[in-house]
Amino acid sequence: MSMECSVVILAAGRSGRMGEPKFALKFNDEKIFLEEIVDQYLAFGCKEIVVVMNGDGKKLFDKLNLRLPGIAKIVINHHPEYERFYSLKTGLNSLANSNYIFIHNIDNPFVDKGVLKLLLRSVSEFDYCHPAYNGRGGHPVILSEIVVKAIINEEDNRITLRDYLQKFQGKRIEVDNDIILVNINTIEEYRNSISFR
């Protein structure tokens, strides 16, 4: 598409219920979650791809000898105790371009390019957009430059993104794909989500 976009992939959580970092879970016989997500956003045309990890996750990434495409870079959240909003701020701070930024959680390895296209087309009229399926909100979220800059300058690192976005004009976009609702936090959820796709 003609509108430039980037993505921040949030993968700095401790994955306590899963028992291992979710970014390294197998998506299929060829790829892990992180590789699949990066490849899909690269194919969509994102100009920058930023992956936010904690220090232990980066050590595992190096140990697995993983390689990401050249435009993808890893940044470290040195304060994972601040949780997701701080991870997001860390990722946004590392971007050179802040026009339109997708936020993708590592606990959903599925990417629908049709949904991405719809969100990107719609966000120019709003501060942010996110998809919904049968009335239930899902991911990814796409942020406009005004929201990106506000998050970077926000001093409260413990706020949730959902609460923070209340001050902006958002749009919920109904889509026909339930993958936007996937949220894998346990082994059972992982098995169920991967097996029926």
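The values are calculated or read from the model by the stated rules, or taken from the named source; none is laboratory data. Because the structure is a prediction, the values reported are computed rather than measured. Counting neighbours? That spans all protein chains shown, and the Cβs are built from the backbone with ideal geometry, glycine included.
Some points to look at:
- Of all the criteria given as (1) surrounded by fewer than 23 Cβ atoms within 10 Å (Cβ to Cβ); (2) of a type in the set (Val, Ile, Thr); (3) under 17 Å from Pro109 (Cα atoms), the one not satisfied by Ile76 is (3).
Residue by residue, here is whether (1) among the hydroxyl-bearing types (Ser, Thr, Tyr); (2) touching a residue at least 24 places away in the same chain (Cβ under 8 Å); (3) out of contact with any strand residue (DSSP E or B) (no Cβ under 7 Å at 6 or more places or on another chain); (4) under 21 Å from Arg136 (Cβ atoms) holds:
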| residue | (1), (2), (3), (4) |
| --- | --- |
| Ile146 | no, no, yes, no |
| Ile152 | no, yes, yes, no |
| Thr160 | yes, yes, yes, yes |
| Lys167 | no, no, yes, no |
| Arg172 | no, yes, no, yes |
| Asp176 | no, yes, yes, yes |
| Ile179 | no, yes, yes, yes |
| Val182 | no, yes, yes, yes |
| Glu189 | no, no, yes, yes |
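- Filter result for Ser193 (hydroxyl-bearing (Ser, Thr, Tyr) and touching a strand residue (DSSP E or B) at 6+ places or on another chain (Cβ under 9 Å)): no
Every residue, every condition in (1) in a helix (DSSP H, G or I); (2) surrounded by 13 or more Cβ atoms within 10 Å (Cβ to Cβ); (3) aromatic (Phe, Trp, Tyr); (4) touching a helix residue (DSSP H, G or I) at 6+ places or on another chain (Cβ under 6 Å), yes or no:
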| site | (1), (2), (3), (4) |
| --- | --- |
| Leu120 | yes, yes, no, no |
| Glu125 | no, no, no, no |
| Pro131 | no, yes, no, yes |
| Ala150 | yes, yes, no, no |
| Asn157 | no, yes, no, yes |
| Ile184 | no, yes, no, yes |
| Tyr190 | yes, yes, yes, no |
| Ser193 | yes, yes, no, no |
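- All positions within the stretch 137-148 that are in a strand (DSSP E or B), modelled with pLDDT of 95 or more and in contact with a Leu (Cβ under 9 Å, 6 or more places away or on another chain): Val141, Ile142, Leu143
- You will find that of Asn97, Asn108, the residue that is of a type outside the set (Val, Ile, Thr), closer than 21 Å to Asn185 by Cβ and outside any helix (DSSP H, G or I) is Asn108 and no other.
- Selection count where residues are aliphatic (A, V, I, L, M), within 21 Å of Ile180 (Cβ to Cβ) and not in a strand (DSSP E or B), scope the stretch 22-55: 6
- Long-range neighbours under 6 Å by Cβ, at least six apart or interchain, first residue under 19 Å from Tyr164 (Cα atoms) and touching a residue at least 60 places away in the same chain (Cβ under 8 Å) within the stretch 122-144, second among the β-branched types (Val, Ile, Thr) and part of a strand (DSSP E or B): Pro140/Ile103
- Total residues in the stretch 41-59 satisfying the condition of being touching a strand residue (DSSP E or B) at 6+ places or on another chain (Cβ under 9 Å) and either on the phi > 0 side of the Ramachandran plot or among the polar types (S, T, N, Q) (or both): the figure is 1.
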